[in-house]
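Where a number appears in this text, it was derived from the coordinates with a stated rule and is not lab data. On a predicted model such as this, the values are computed, not experimentally measured, just so you know.
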Amino acid sequence: MLKLHIGCGGVYFPGWVNVDMDSPKADLRHDMRTALPYGEGTADFVYNEHFVEHLTVAEGLTVLKDFHRVLKAGGVLRIATIDLDHIVCRYLFFWKKQNWIKTYGYDWLQTKAEMINLCFREWGHQYLYNDEELERRLREAGFKNISRQKLNKSGYPELVKRETRADSKLILEAVK
């Protein structure tokens, strides 16, 4: 069974092929803007967390199409990322009461404008998604069966308890 953990960073999943461009923990060092070195229909699962927002829209679509290519029929892609709708909601209501602000030392933020601009521009973010937009891009990549999931929950045992960040508010699974 081939399970790909894309953009692993410092998170290592035993039994998975952990893929990252820079991480010393990666089993495979690979720039995802180029095709994965796997044949068509070879992977059972593809997982990534806080990865897709670091790509431009065009790069993201290319990567999603490559995920679709490498997945077997019935294979599952799970994407966990920040949710644009959640960020906008927090901009409007209780923006300072977000765990990541204290956890990661951003309590210096003084206004909700600083907060939302930080979310759009920092950490190498290129494009933020809500469920409507991410589902649209998944459909463009060839996926048809797409569903919203809860943090660390899945109907697939291999995908249960994969999220490592509480701010993974947008989680979609797409079956090939």
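Considering only 113, 35, 26, the Gaussian network model of the chain with Cα springs below 10 Å gives its largest mean-square fluctuation to 113.
Ellipticity at 222 nm from helices only: DSSP H runs of n ≥ 4 in the chain, each -39500 (n - 2.57), divided by the residue count, give -8000 deg cm²/dmol.
When the chain is treated as a GNM with alpha-carbon contacts under 10 Å, the residue of 111, 56, 42 showing the greatest mean-square fluctuation is 111. Take every pair of alpha-carbon atoms less than 8 Å apart whose residues are at least six positions apart; their mean separation over the length of the chain yields a relative contact order of 23 percent.
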